[in-house]
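The values are calculated or read from the model by the stated rules, or taken from the named source; none is laboratory data. Everything quoted here is computed from the prediction, not taken from an experiment. Note that each Cβ is placed from the backbone with ideal geometry, even for glycine, and that neighbours are counted across all protein chains shown.
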Amino acid sequence: MSETLVIEWGRDRLLAALGSAESSSVKIQSAVSIDRQGGELLPSELGEKLAAGLKSVGVTANEAIVVFERNLVTFSRITLPNIGDDEIPEMVKMQAATRLTVPVESVYMDFAPLPIPAGSETRDVLLVTVPRQYINQVKEALDVCAIELKGVRVSSFGIAASVVHSGLMQKNADSRAVEAIIALGSDSIEMIFMSGHNVAFSHSGASWTSIEAIEQAVRSEISRARMAAEGDMGSYVVRRLTLIGSPDVTAAVPDSITKRLNDADVARVDPQNALLSGSFTGISATDLLAIAGVVANVQTPSVTSVDLVNPRRTPEKSDYSRVKKLLLAGVAVLALVGGWKWREAKVTAIQKEVAAVSGEVEDMEGAYKLASNELKLAANLASWSDRDISWLDEMQKLQGLMGGTDRVFIKKFNFHLMSGDYIAAFDAEGYAKSRRDIEDLMRVLTEAGYEVKPTEITQSLKDPNYNMELRLEVNIPTPPKEKPAVKA
C-alpha cells in the first residue's frame, strides 16, 4: 500500500506523519512535531521549520494532505428539500450566504451529506467552513518545502475514520441512535456524534492540567456538546460512548460520566496498536488519531468526509440544445424523405392503372398519422418542460429578495411540499435587528408573489445585535401560465 503524508495544522504546533492503511489499523512510518512558537512565526518561517523537521525523520514527499484541528473550522447543520445530490452544492452555497456572518468569498467550504430518514421530505448536510487566510498560509508554508497541497481535511472526520476503519463501530439501523466518541488528546478534547458511519456533530474543548482534573474536564465538555447537539440534531439517543486515549487517561473517567448521555455503555480504547502502529517516539498515539484516519480514509474510504480545497461541486449540465437541434434536423430529414417517397408513389400510380390510386391514398393516410404522432410528442415534451420547476431558481430568487445578514440573520430553512396551487412552502428561523426589519422582509416577499402567513414577532435575548426573533411561514404559489399572444 502506498504511503501518504498528512500534516495536522494546529494553533500551537504541526504534526506531520507518513503512513499507510492496513486491514484494521494504520501504520505510521515516520512522525515529527513542529512547535509554532505561539503562532508568531511567518508562513515562510514555519515552512522552513517544517522542511527541517521532515528531513530529520527522513520524509521526502512532494505532496501532502493537511488536517485542520476542529477549533480552526466552523460546523453548521443545514436542512434542504429532499433533492438529488447533483443539486445540493449550489443550494448549500446559497444557504451559506444567509447563514454565515462573513462574506461567502472570504471562506473555503465543503459539506458532507447526512443520511436521509425514511419518508422524509427534507435532508440535512453538515457544512464546514474555514477562513481563506488559513489555507493561504498553509500553501505559502508548503511552497517553501516544495510540497503540493492535495487536500484539506478536518480532524473530526479523521478521528471517526480511524474508529470505523478499525472495525470498532458498526452501522446502526436506528436513525435516532448515535455513537459518541471522545478523543482525549494531550492538548484538546474532541467529542463526535456518529450516525451510522457519518459524522453528525462535532465539538472540541480544552484539555486538562493534571490527571485529577481529567474527569471534570470531560464532564464539562460533554455538557457543552450535549446542549449544542440538541440544537443541531434534535432528539437523539446515545447508544455507546467510546473513550480513546492512553489507559491511565481513560481510567480517570468513570462510567457515571454517561448519566447525561442516556446511561450509554462505555468502551475504553488505547489507540496504540488498536488503531495505529509504528514508530512515533515522543508523540501521543491519540494525537495522531486524526492523521491516521485521514490516511485510512484516503486509501480505503469508509467515512463521508469534507475537503475544503476540493469541495463537492454541481456537475456540468448537459447541453440539451445540441440534442434539440439534432432532433429538429432529424424531423426535417424525415419530412424530406417522406415527401420524396410520396412523390415517387404518385408518379408510379399515374403510370399504372387507376386501381393503384387506392394504394396511394393509403400511404398518404399513414404519413398523416405519423406526422400527427410527431406533433403530439412535441407538444407533450413542451408541456413537460414547462412544468419543470427548479429548486435552485427558487433559492436564488429568495436570496435576492432577502439580501445579506446586515439587518436580518437567517439560521435555518425548512422546506416541505404542498398540494394544490402551490409548488412548496418553507419555514425560516433567525433573528433581526428590529421589528421593522421583519415587517419589511414580509412585505418584500408578499410583493414578490409569496404568501406569507402572519406570525407573532417576539424579542430575543440571545444576541444583543439581533434582538428580535424571526419566524416565517411562506407558501410558494404555482407560477401562472403565460397566455398566448393574440394575433392582430
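Give the residues of the stretch 86-102 that are of a type in the set (Ser, Thr, Tyr) and not in a helix (DSSP H, G or I), sorted by residue number. Passing the criteria: only Thr101.
Can you confirm whether the stretch 110-124 contains a residue that is farther than 23 Å from Arg176 by Cα and either in contact (Cβ under 8 Å) with a residue 24 or more places away in the chain or among the aromatic types (Phe, Trp, Tyr) (or both)? Scanning the stretch 110-124 turns up at least one residue that is farther than 23 Å from Arg176 by Cα and either in contact (Cβ under 8 Å) with a residue 24 or more places away in the chain or among the aromatic types (Phe, Trp, Tyr) (or both).
When Gly167 is tested against (1) closer than 13 Å to Val303 by Cα; (2) touching a strand residue (DSSP E or B) at 6+ places or on another chain (Cβ under 9 Å); (3) surrounded by fewer than 22 Cβ atoms within 10 Å (Cβ to Cβ), only condition (2) is not met.
Evaluating Glu48 against the criteria (1) in a helix (DSSP H, G or I); (2) touching a helix residue (DSSP H, G or I) at 6+ places or on another chain (Cβ under 7 Å); (3) at pLDDT below 95 leaves one unmet condition, (3).
Whether a residue is surrounded by fewer than 17 Cβ atoms within 10 Å (Cβ to Cβ), in the same structural domain as Gly119 (by TED's automatic domain parsing), of a type in the set (A, V, I, L, M) and in contact with a helix residue (DSSP H, G or I) (Cβ under 9 Å, 6 or more places away or on another chain) was assessed, and Leu80 does not pass this test. Apart from one condition, Val59 fits all of (1) surrounded by fewer than 19 Cβ atoms within 10 Å (Cβ to Cβ); (2) without any contact (Cβ under 8 Å) to a residue 60 or more places away in the chain; the exception is (1).
The residues on offer are Val163, Val138, and the sole one that is modelled with pLDDT of 95 or more, more than 22 Å from Pro311 (Cα to Cα) and of a type in the set (Val, Ile, Thr) is Val163. The set of residues in the stretch 144-185 being within 30 Å of Asn62 (Cβ to Cβ) and part of a loop (DSSP other than H, G, I, E, B) consists of Cys145, Ala146, Ile147, Ser166, Gly185. Could you tell me whether Ser284 is of a type outside the set (Val, Ile, Thr), modelled with pLDDT of 95 or more and either within 20 Å of Phe68 (Cβ to Cβ) or touching a Cys at 6+ places or on another chain (Cβ under 7 Å) (or both)? So Ser284 does not fit the description; no.
Would you confirm, using the coordinates I've provided, whether Ala141 is part of a helix (DSSP H, G or I), touching a residue at least 12 places away in the same chain (Cβ under 8 Å) and not β-branched (Val, Ile, Thr)? Yes. Among the strands (runs of 3 or more DSSP E) confined to the stretch 212-300, the ones with at least 3 residues that are buried (at least 17 other Cβ atoms within 10 Å of the Cβ), more than 27 Å from the chain's Cα centre (by Cα) and in contact (Cβ under 8 Å) with a residue 12 or more places away in the chain are located at 276-278. Tell me yes or no: at least one residue of the stretch 138-159 is polar (S, T, N, Q) and either farther than 18 Å from Gln299 by Cα or touching a Cys at 6+ places or on another chain (Cβ under 6 Å) (or both). No, because not a single residue in the stretch 138-159 is polar (S, T, N, Q) and either farther than 18 Å from Gln299 by Cα or touching a Cys at 6+ places or on another chain (Cβ under 6 Å) (or both). Scanning the stretch 197-211 for residues that are in contact (Cβ under 8 Å) with a residue 40 or more places away in the chain and either outside any strand (DSSP E or B) or of a type outside the set (Ser, Thr, Tyr) (or both), we see that the one that is surrounded by the fewest Cβ atoms within 10 Å (Cβ to Cβ) is Ile211.
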